[in-house]
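Each value in this text was obtained by applying a stated rule to the coordinates, not by laboratory testing. Keep in mind the model is a prediction, meaning the values are calculated, not measured. In this analysis, Cβ positions are derived from the backbone assuming ideal geometry, glycine residues included, and neighbour counts consider all displayed protein chains.
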Amino acid sequence: MRGAVGGRRRRPGEHMSPILMSLCLAAGWGAFAYSAWRRWRLLKTGVPIARFDRLGERFRRTYLYAIAQLRMRRYPLAGLAHMLIFSGFCVLLLRTLVLWGRGFDVGFNLWVLGPDQLLGRIYGPLKDAFAVLVLIGASIFVYFRAVKRLPRMTLSREGLVILGIIIVMMLSDILYDGATIAAHRKSAALASAPHVGEPVTTAATFASEPAGTVVALMISWLPSGVLNVLAHAGFWTHSCLVLIFLNLLPYSKHFHIITAVPNVFFQNLDPPGRLPPISDLEGRIEREETLGVRRIDQFTWKSMLDFYTCTECGRCSDFCPATKTGKKLSPKHFTIDLRNFLYASDRGLVAAKAEAGGATGTATGAATGADDSGAGWRRDLVGDGGVIDPEVVWACTTCRACEQECPVFITYVDKFVDLRRHLVQERGDFPAQLQAAFRGLESAGNPWSFPAEDRAKWAEDLGLPTLAEKPEVPVLFWVGCAPAFDERAKKVTRATAMLMQKAGVDFAILGAEEQCTGDPARRAGNEFLFQMFAQNNVQTLTGYACEKKTIVTSCPHCFNTLLNEYPDFGGKFNVVHHTTFLAELVRQGKLTPTKRVERKVAYHDSCYLGRYNDVYDPPRDVLRAIPGLTVLEPAATRDRGLCCGAGGAQMFKEEEHGSERVNVLRTLQLLETKPDAISSACPFCMRMLTDGLATKGREDIPQLDVAEMLLEAMS
């Protein structure tokens, strides 16, 4: 709103009250500063972590995901509503500053938004348009909360109160304009033209303030005194509600309005498939330091910022396989529970840090007498009397569906694994079935305890050399545990090797020298066991100069670990999944499928291939290259495909109680396409989907790897 209507200045003193405005601003901003300081002080109790690297990439992603809000578009209507409100707030921030200034000077226009200035003529209609758009966006969310009542959302009164404040702020702003315009028109009509200048016309005011003009026409019949009261009411309601809204933020889920942009800026830029290792693991064990996360203060400050930033939108839980199958795990509630406990532990955590001399990280408990308001922040997060139920921790399949959906880049897998690390390595508290897998890894180098000398039996009649026999080959075929020992997976391994032979690829295998990459151990929380395998395997691979070779894997878990996690242990290798390698061989004409395969195939994306490493097209390219074959896409596909249920070491333990098994639900989704076969590119997925088909009595539907189908089509 400008200080003049139709080019005239308003009467001196109109809406001015410097003392009252000073009191409102001092009280509002003072209270907010105190609340913000408390949240900042609490955030600093988190473990330090470096997040100021690669600034160019951080600013780029902040623009794309915080400003342009690309991820919000995954939910079209809700995304549109959010973008309307967000963009409206950005535009109307200037309006609020103008109104606060008018409490001191009725003609204040932020120096550049005056009626005779170019920016002022542009901003007037723009802010009216965005006020209306914000009303539309807020109304959509009211519908979601009060009428449709979306189950993914936290349907509390708080959300409706905040929406109510936003709506009233917009309406009061428009009312202020409308009442002021109407009052001036009435005043101009009563005065003589020579004394007051050219009368204000509807066309002129509509061009500058369309929403206000419409309201002015609606209330122009009211007496001047009433119009003046309405103008004051609109002015002070908007000016004060902004301050009230600001002070609600640090104590509600809407704190994300302040923290979302920083949280996106400080997101993890490492590959999604990399879990941060525990540094100096043996030294930590000797010093009896906590391994993983046991208490709330052992999370990093970035994890705590994640807790602050949760919008409670429920997108994470909407796509979580555990939540969808009735398990106790809900990523949204996991974050909310930790956030609420963090807030309740505020005084104790800050006091502990102060007594420790300001040292950040894990407070050692020196402040045993600190008043933590009964929150008991020192107690273990998981277990009896803890914040998180153990079933929640162990139900996670580490599929990253939650992280893929989160619009503010909250991470979950690293937190679940950190909690598991403490349970496994310090408390020895983990599902009993995992003991057999750990024992097999320790004694035989694979989770099933098969003898290492049997690793190459699948290839006895193929004449494949080992790397020890032919170290100069340019390609190493890293087989993996399941492809080497599981009878069904062996067929995939053989198909892959035979295709490479047909294409004339010069490659070798490690044979008995190959060990598990350690992925099941790491995802289950046994970091010590994982690091042992990582160090041994890196030593073996670098000994054969594999950093100069191409490593082909048929297991997405091996692919992810070798590519993204072994660099932390000195192993930087060129690793490709077998579907990518085969797709390139087909593209180059080294493999040409000529035999028609009249079949409709539903393709299932592996989480560790797709969401972890963005490999979606190569498997489909191979299948589409097969004459006669039709690739079907289930409703949940690509980065929204449901997990098979085997990741996160779930393959080696019983699934937590729920209304359905994850693999069965995924199988049903694939069967909805009415396929002749189901295709995948992961030995774990193959096992889980095969079991799902058997559970549903659909053994007539074969479960085939991409490599098997390509080999079938070769003449």
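Below is a table of values for the structure above.
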| quantity | calculated |
| --- | --- |
| Extension gain from Arg587 to Ser252, taking 0.36 nm per residue of separation minus the Cα-Cα distance | 115.2 nm |
| Kirkwood-Stokes translational diffusion coefficient of region 587-712, alpha-carbon pairs, 37 °C, 0.692 mPa s, µm²/s | 220 |
| Highest average packing first - 31-37, 348-354, 174-180, Cβ atoms within 10 Å | 174-180, 348-354, 31-37 |
| Potential lengthening between Arg60 and Glu469 on full extension [0.36 nm per residue; Cα-Cα distance subtracted] | 142.4 nm |
| Where labels lie 7 Å past Cα in the beta-carbon direction, separation of Val229 and Thr542 in nm | 8.2 |
| In region 587-712, lysine pairs closer than 23 Å at Cα, eight or more apart or cross-chain | 4 |
| In region 435-576, lysine pairs closer than 18 Å at Cα, eight or more apart or cross-chain | 7 |
| Helix-only mean residue ellipticity at 222 nm for the chain, each DSSP H run of n ≥ 4 adding -39500 (n - 2.57), per residue, nearest 500 | -15000 deg cm²/dmol |
| Segment Ser715-Ala31, extension gain: residue separation times 0.36 nm, minus the distance between their alpha carbons | 238.6 nm |
| Order by protection proxy (mean Cβ within 10 Å, highest first), peptides 519-526, 288-295 | 519-526, 288-295 |
| Lone cysteines, the chain (no partner Cβ under 4.7 Å) | Cys24, Cys90, Cys240, Cys310, Cys313, Cys320, Cys396, Cys406, Cys481, Cys516, Cys546 |
| Likely footprinting exposure, Arg420, Arg599, fewest C-beta neighbours within 10 Å first | Arg599, Arg420 |
| Mean Cβ count within 10 Å, highest first, over the residues of peptides 421-431, 540-550 | 421-431, 540-550 |
| Table column - 3J(HN,Hα) (Hz), region 637-650, Karplus curve with 6.51, -1.76, 1.60, x for Gly and Pro | 9, 6, 6, 10, x, 6, 4, 6, x, 9, x, x, 6, 5 |
| Neighbour-count ranking [beta-carbon atoms within 10 angstrom, fewest first] of Ile67, Ile181 | Ile67, Ile181 |
| Alpha-carbon spread of region 435-576, three principal axes, descending order, Å | 41, 32, 23 |
| Rg ratio (alpha-carbon, reference 2.2 N^0.38 Å) - the chain | 1.17 |
| Ascending count of other beta-carbon atoms within 10 Å, so fewest first, for His238, His256 | His256, His238 |
| Cα radius of gyration and Dmax for region 87-257 (Å) | 17.8, 64 |
